[in-house]
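J.: Can you read through this structure? Questions will come right after.
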Amino acid sequence: MPWREVSIVSERLEFVNLARQIQSGSATISMRELCERFQISRKTAYKWLQRSMSGLPADLQDRSRRPHRMPRQSSPQTEAAILEVRDKHPAWGGRKIRAILMRRGSGVPSASTITRVLERHGKLDPEQSPKHSAWQRFEYQQPNDLWQMDFKGDFETSRGRCYPLTALDDHSRYSLVLQACGDQRTGTVQEALTTAFRKYGLPLRILTDNGSPWGCDPERPWTVLAAWLIRLGIKIAHGRPYHPQTQGKEERFHRTLQAEVLRRPMQDRDECQRCFDRWREVYNHERPHQALSMDVPASRYQPSARAYPETLPPIEYAPDQIVKQVYPDGRISIEGKTIRVGRAFAGLLVSLRPTKTDGVIDVYFCHQHVYTIDLREDDGSN
C-alpha cells in the first residue's frame with residue numbers, strides 16, 4: 001500500500017528513525033513487522049532507508065528546495081541563519097537554535113551569543129526568559145514503559161471547538177498521539193489509541209488524570225475506556241486529583257504546543273490536524289529537547305515489542321481465585337452483600353483475592369487492582 005498522503009514526509013521520517021533502531025539491534029521487533037505497522041512493502045522501506053543515509057531529514061522529501069548544510073560564513077550570514085531558524089520556530093531560544101545549526105555545520109556561536117543576536121533583532125520577550133529554565137524530572141528507563149495521555153484545553157475554531165488529544169512516551173518524550181478531536185468521548189479516544197497501538201505497539205502503563213473519559217470518582221476511577229486498556233494488558237495509573245504536576249511531561253508538552261502552534265486562529269479541525277501533523281514531525285525529529293541533552297525524541301524512541309491484538313484476549317484467572325461476574329449495575333454479590341465495583345466492568349469477570357487482614361478482600365480485573373472490599377463494615381451495599 002502507498003504512504004498516507006496526509007503526511008507523507010512525516011511518515012517516511014518516522015519510519016526511517018524507527019527502522020534504524022532495528023538495524024542497530026536495539027529494537028525488539030523485526031523489520032517485517034515494522035513495515036506491516038506502517039503498511040508499506042520492504043522494497044519501499046529500503047528505498048527510503050537508502051535515501052536517508054546522509055542523515056538529513058530533507059532527503060526524505062520529493063527533492064529538497066533548500067540547502068541543508070551551512071558552510072563557514074561571515075557574521076552577517078551566521079546571523080541570517082540564526083534568524084531563519086527563529087522565524088521558522090518563534091518559540092525557540094538560543095540553546096535549541098544552536099543545536100539545529102550544529103547539525104548543519106561547524107563554526108556555530110555559543111547559545112549566549114545566539115541569544116544576544118535574537119535580542120538585538122527584537123526577537124525575544126524579556127519577560128519570557130525566566131520561564132524557560134531547565135530542571136530535571138524523573139523518567140522511566142525504557143521506551144513504552146509509560147505513556148502519559150491527556151486532553152489539552154479545548155479552543156474555538158471558526159467552525160466549532162477542537163479538543164487536542166495528546167500522548168507522550170515518558171522515557172523519550174516522543175509524541176505518539178496528537179489528534180484534533182471534536183469531543184472527549186470514549187470512542188474518540190479509543191479510535192486514536194487504536195491507531196497508535198497498531199503503529200507503535202502497546203505500552204506497559206498509561207498515566208492519565210481523573211477527568212473524563214479516564215475516570216470520574218477518585219475512589220472508583222474506572223471507565224469503559226480504562227477497562228478496555230486493562231484487557232489489552234496495560235496497567236492504568238491516575239494522577240492525584242488537583243495535582244497536574246503528576247503528568248509533568250504532558251503539561252510541559254501542552255505548554256510547548258500552545259507556544260509553537262496554537263497562538264494563531266484556525267478555521268476548523270482539519271486545519272488544526274494539518275498543523276499538528278507538521279509540528280509533530282518537527283517536535284519528534286528536529287526540535288532539540290533540553291531534557292535529552294539537546295537531542296531529539298526520535299533518537300531515544302523505538303516501537304514496543306507488544307503488538308496490538310485485533311481481538312481482545314480472554315479474561316482468565318488462576319484456578320484458586322474466586323471469580324465473580326459483575327452485574328449490569330456494576331455490583332457483585334459476596335457473603336450476602338452487594339458491593340459496587342463499577343459499571344465499567346458490567347458483564348465482565350473479576351477475581352477476589354484475600355488480603356492479610358481478615359474480612360478485607362481485593363478485587364482485580366485481569367492484572368489490575370480495582371477495588372478493596374471491607375466485609376467488616378456494617379453496610380457494604382452502597
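J.: Looking only at segment 216-228, which residues are at pLDDT 70 or above and touching a strand residue (DSSP E or B) at 6+ places or on another chain (Cβ under 6 Å)?
T.: W222, A226
J.: Please identify the pairs in which a residue from segment 28-42 that is free of Cβ contacts under 8 Å to residues at least 12 places away in the same chain and closer than 10 Å to F15 by Cβ has its Cβ atom under 7 Å from the Cβ atom of a residue that is of a type outside the set (S, T, Y) and surrounded by fewer than 15 Cβ atoms within 10 Å (Cβ to Cβ), counting only partners at least 6 apart or on another chain.
T.: Short answer, once both residue conditions are applied: C35/R42.
Results for (1) under 30 Å from F253 (Cβ atoms); (2) modelled with pLDDT under 90; (3) in the same structural domain as L168 (by TED's automatic domain parsing), shown as yes or no for each residue.
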position: M266; (1), (2), (3): yes, no, yes
position: E281; (1), (2), (3): yes, no, yes
position: N284; (1), (2), (3): yes, no, yes
position: A307; (1), (2), (3): yes, no, no
position: K337; (1), (2), (3): no, yes, no
position: Y364; (1), (2), (3): no, no, no
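J.: Also: Give the number of residues within segment 175-186 that are farther than 19 Å from C275 by Cβ and either crowded, with 18+ Cβ neighbours inside 10 Å or of a type in the set (V, I, T) (or both).
T.: 1
J.: Only one of A344, A305 is part of a loop (DSSP other than H, G, I, E, B) and under 34 Å from the mean Cα position of the chain (by Cα). Can you tell me which?
T.: Going through A344, A305 in turn, the sole match is A305.
J.: Given the structure, is R353 at pLDDT below 90 and either under 27 Å from W214 (Cβ atoms) or in a loop (DSSP other than H, G, I, E, B) (or both)?
T.: So R353 fails the test.
J.: Pairs only if they're at least six apart or on different chains, beta carbon under 9 angstrom, first in segment 85-105 and surrounded by fewer than 15 Cβ atoms within 10 Å (Cβ to Cβ), second assigned to a helix (DSSP H, G or I) and at pLDDT 75 or above; list them, first residue then second.
T.: K88/V282; P90/A259; P90/E260
J.: Can you tell me which residue within segment 295-340, out of those that are among the hydroxyl-bearing types (S, T, Y) and more than 19 Å from L176 (Cα to Cα), is surrounded by the fewest Cβ atoms within 10 Å (Cβ to Cβ)?
T.: Applying the filter and picking the extreme gives T311.
J.: Check R376, R278, R274 and return the single one that is assigned to a loop (DSSP other than H, G, I, E, B) and either among the charged types (D, E, K, R) or surrounded by 17 or more Cβ atoms within 10 Å (Cβ to Cβ) (or both).
T.: Sole residue among the options that is assigned to a loop (DSSP other than H, G, I, E, B) and either among the charged types (D, E, K, R) or surrounded by 17 or more Cβ atoms within 10 Å (Cβ to Cβ) (or both): R376.
J.: Out of A291, A192, A237, A180, which single residue is out of contact with any helix residue (DSSP H, G or I) (no Cβ under 7 Å at 6 or more places or on another chain), outside the structural domain of E14 (by TED's automatic domain parsing) and at pLDDT 95 or above?
T.: None of the other options fit; the residue is A192.
J.: A further question follows. Here's a check for you: in segment 153-174, which residue that is of a type in the set (K, R) and touching a residue at least 24 places away in the same chain (Cβ under 8 Å) is surrounded by the fewest Cβ atoms within 10 Å (Cβ to Cβ)?
T.: R159
J.: So for segment 187-204 (the condition being outside any loop (DSSP other than H, G, I, E, B), free of Cβ contacts under 8 Å to residues at least 40 places away in the same chain, surrounded by fewer than 16 Cβ atoms within 10 Å (Cβ to Cβ) and within 13 Å of the chain's Cα centre (by Cα)), does at least one residue qualify?
T.: yes
J.: In segment 146-186, how many are under 8 Å from the mean Cα position of the chain (by Cα) and part of a strand (DSSP E or B)?
T.: Matching residues across segment 146-186 total 11.
The values are calculated or read from the model by the stated rules, or taken from the named source; none is laboratory data. The structure displayed is predicted, hence computed values, not measured ones. Using ideal geometry, Cβ is built from the backbone for each residue, glycine included, and neighbour counts are taken over all protein chains shown.
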